[in-house]
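Data first, discussion second: the structure below is written as structure tokens.
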Amino acid sequence: RASFRKQGCTTASLTFVCPSPPGQALQEKVIRSKVGEKVSLPCCHEIPSSESLHKYRVYWQKNITDVVLAYSEGNMISKHKRYQQRTEMDPRNLTLWISPVEILDNGSYQCVVQRNSMVFLLLNGNQISLASADFSNPNITAEVTADSCDLTEMVIMCTSHGGFPKPKISGALNNVSVEWNASWVSKSSLSPYNVTGKLLLNVTKDVNITCSVEHNGFVKSTSLFLSIDLVCKCLCKDHPVILSVNCKPKYFEACNTAQVGSEL
């Protein structure tokens, strides 16, 4: 079969929210970090230089219900098992550090500070942000499926992997929008997605194919130019000889039993 491929790499990013203190209008502060790297979440409060952490109880919570870590009288008294070996807190400005960042770290984080058994600062986010992982650059594959020398029937595949959340896939054929027959694969609602788009085409002239994958406002696109003169089919036991005048071995994937015939 004739195959054309264009490949890319995978990156990922996460988004967090740092809300404003009570009594002020809620202002979101979005902090972005790549999955696998280190991110800091500010508590928006700093212990005065004349005091120390020993006079305070500090809680970092996620989505109100889960305690990420807790300090009392300067000592850590609790840490969520999912954050073991991945979190630390600055003893002065109470910034929470998470490393390495994971997709499951998605959520709204709150910093609760107590002094003399009374809560005097509660930072409470009211919006949960979605973690975001970039998809790989779309990979476009074009395969000839016709059994005649017309070489007009083709299957176009576009694949991208490793991203989150579930993406949209779109495309264009010679700058005219086309709708992919799309499918998605993910182990769970909080796991990375793989997406595949499929097109069946009857090609009669050179075409330029574009595939775009969009998630959380981010778009990755790949284009592939298909010249009919470069569409070749390898010679296998079960297939006829179909070669174009300008056929070159680099433009197709040989079958296990393939032999390349002479130019017509």
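Bear in mind that the values in this text are calculations on the coordinates, not laboratory data. Model, not experiment: these values are computed from the prediction. Because the Cβ atoms are built from the backbone with ideal geometry, glycine has one as well, and the counts that use them run over all protein chains shown.
Computed values, structure above
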{"read-out": "Gain upon complete extension [His161, Lys38; 0.36 nm per residue less C-alpha separation]", "value": "42.0 nm"}
{"read-out": "Charge context of Lys62, other residues only, Cβ under 14 angstrom, K/R +1, D/E -1", "value": "+1"}
{"read-out": "3J(HN,Hα) from dihedral phi, the stretch 99-113, Karplus parametrisation 6.51/-1.76/1.60, rounded to Hz, x for glycine, proline", "value": "7, x, 5, 10, 4, 5, 6, 3, x, 9, 10, 10, 10, 10, 10"}
{"read-out": "Gained length - Arg92 relative to Leu104, 0.36 nm times residue gap less alpha-carbon distance", "value": "1.6 nm"}
{"read-out": "Debye-sum result for the stretch 55-95 in log10 I(q)/I(0), which assumes one identical scatterer on each alpha carbon, at q = 0.28, 0.30 Å⁻¹", "value": "-1.07, -1.18"}
{"read-out": "Mean projected area (nm²) of the alpha-carbon convex hull when the stretch 139-231 is viewed from all directions", "value": "6.3"}
{"read-out": "Estimated inter-spin distance, Asn174 and Lys198, nm [label 7 Å along Cα→Cβ]", "value": "2.5"}
{"read-out": "Extension gain, Ser49 back to Met76 (0.36 nm per residue minus Cα-Cα distance, nm)", "value": "7.7 nm"}
{"read-out": "Calculated FRET value between Thr65 and Ser186, using beta carbons and R₀ = 30 Å, to 0.05", "value": "0.75"}
{"read-out": "Amide H contacts under 5 Å for Tyr109, placed H, 5+ residues apart", "value": "Val17, Asn63"}
